1. Report every pair of residues separated by at least 6 positions or lying on different chains whose Cβ atoms are under 7 Å apart, first residue within segment 24-40 and more than 14 Å from Pro57 (Cα to Cα) and among the β-branched types (Val, Ile, Thr), second in a helix (DSSP H, G or I) and open to solvent by less than 80 Å² (accessible area, probe 1.4 Å).
2. Hey, any hits in segment 15-30 for a residue that's modelled with pLDDT under 95, in a helix (DSSP H, G or I), among the acidic types (Asp, Glu) and over 21 Å from Glu76 (Cβ atoms)?
3. For segment 105-119, indicate whether the set of residues that are of a type outside the set (Asp, Glu), in a helix (DSSP H, G or I) and touching a Phe, Trp or Tyr at 6+ places or on another chain (Cβ under 7 Å) is non-empty.
4. Please state which one of Ile60, Ile11 is at pLDDT below 95, surrounded by 13 or more Cβ atoms within 10 Å (Cβ to Cβ), of a type outside the set (Gly, Ala, Ser) and in a helix (DSSP H, G or I).
Amino acid sequence: IEKAEAVVGLIERALEYNKDTGWELPFFAGFISYFQLKDYELAAKFFQISHQYPDRPPHIDRLLARSKSAAGYEKEALELWAVIYKEAENSTHRSLGAKFLKQLAQKITQESKDEKLRLRAQEILNTL
């Protein structure tokens with residue numbers, strides 16, 4: 001864990017000094033934050049940076065949506081999964097998007113106290 005934290009800190013400092021590094025560095029920091037440190041909010045921060053690059057691979061969007069959901073940002077995650085599902089380039093990505101979108105939408109309709117969010121989740125479920 002200490003080494004992972006050190007690597008993330010190093011990448012964070014590199015990004016402070018050079019904002020235009022491409023999607024790769026923030027992706028690596030997000031990956032380490034998500035899978036090793038289990039810091040989903042920090043992972044979402046880094047994946048959000050990677051997400052801003054048009055040449056990013058599609059898995060960046062899925063990792064951003066997963067980390068947003070795990071960090072408790074369900075509204076943002078729901079909308080991200082809806083876009084991933086809608087804009088999927090192939091059937092594999094579309095079915096993956098549908099799977100996670102359905103899971104999150106069902107969770108929101110059952111557990112969220114936010115009426116608008118529950119209605120949006122139900123609306124999405126009705127289209128799947």
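The values are calculated or read from the model by the stated rules, or taken from the named source; none is laboratory data. Source: prediction; values computed, not measured. Every residue, glycine among them, receives a Cβ derived from its backbone with ideal geometry; neighbour counts consider all protein chains shown. SASA here: full protein model, heavy atoms, side chains in, ligands and nucleic acids out. Shrake-Rupley method; radii C 1.70, N 1.55, O 1.52, S 1.80 Å.
1. Going by the 7 Å Cβ cut-off, the qualifying pairs are Ile32/Ala4; Ile32/Val7; Ile32/Val8.
2. Yes, some residue in segment 15-30 is modelled with pLDDT under 95, in a helix (DSSP H, G or I), among the acidic types (Asp, Glu) and over 21 Å from Glu76 (Cβ atoms).
3. First, the residues of segment 105-119 that are of a type outside the set (Asp, Glu): 105-110, 112-113, 116-119.
Pick out the ones that are also in a helix (DSSP H, G or I) and you get 105-110, 116-119.
After this cut, where a residue has to be touching a Phe, Trp or Tyr at 6+ places or on another chain (Cβ under 7 Å) as well, the list is none.
No, every residue in segment 105-119 fails to be of a type outside the set (Asp, Glu), in a helix (DSSP H, G or I) and touching a Phe, Trp or Tyr at 6+ places or on another chain (Cβ under 7 Å).
4. Values: Ile60 fails: at pLDDT below 95.
It is Ile11.
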